[in-house]
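**Student:** Pasting a structure below so you can have a look.
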Amino acid sequence: MAPEPTGPDRDQRRHWRLAAILFIGGGLGAIPSDALHRPAHDPTIYLLPALAIVSGLLCWAIADRVSIRWLHLMAVVATLEIALTVWLAADMFAIY
């Protein structure tokens, strides 16, 4: 097993993995609310949580390879994913 990085490398890994956990948690958290919503959404609504989970897995996979400077781009991606979800889910979510 490789030794744990220290200093800026460790912080870089932590930040990317935190982003991964937030993406995956958001995706998993959206599934029950989509399933319980009445009237029911089209099954394609589950593609949005899947997109969030895939984004989280991508963040986890690149945590050791990509500079922390690129994390700002992931914040933009997260904002766009949330905007897409709100736009496609229902009018009552427009306040978000």
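Since every read-out is calculated from the coordinates, none of them should be taken as a lab result. Every value quoted in this text rests on a predicted model; they were computed, and no experiment measured them. Cβ coordinates were reconstructed from backbone atoms using ideal geometry, including for glycine residues, and neighbour counts include every protein chain displayed.
**Student:** As an exercise, use a Förster radius of 30 Å and the Cβ-Cβ distance of L36 and A61 to find the FRET efficiency, rounded to the nearest 0.05.
**Tutor:** Efficiency, from the Cβ-Cβ distance: 0.45.
**Student:** I'd like to compare 67-73, 43-49, 56-62: which one has the highest average count of other Cβ atoms within 10 Å, and what's the full order after that?
**Tutor:** With the highest mean Cβ count within 10 Å placed first, the list reads 56-62, 43-49, 67-73.
**Student:** Please give the per residue volume of the convex hull enclosing the alpha carbon atoms of the chain, rounded to a whole number of Å³.
**Tutor:** About 100 Å³ per residue, rounded to a whole number.
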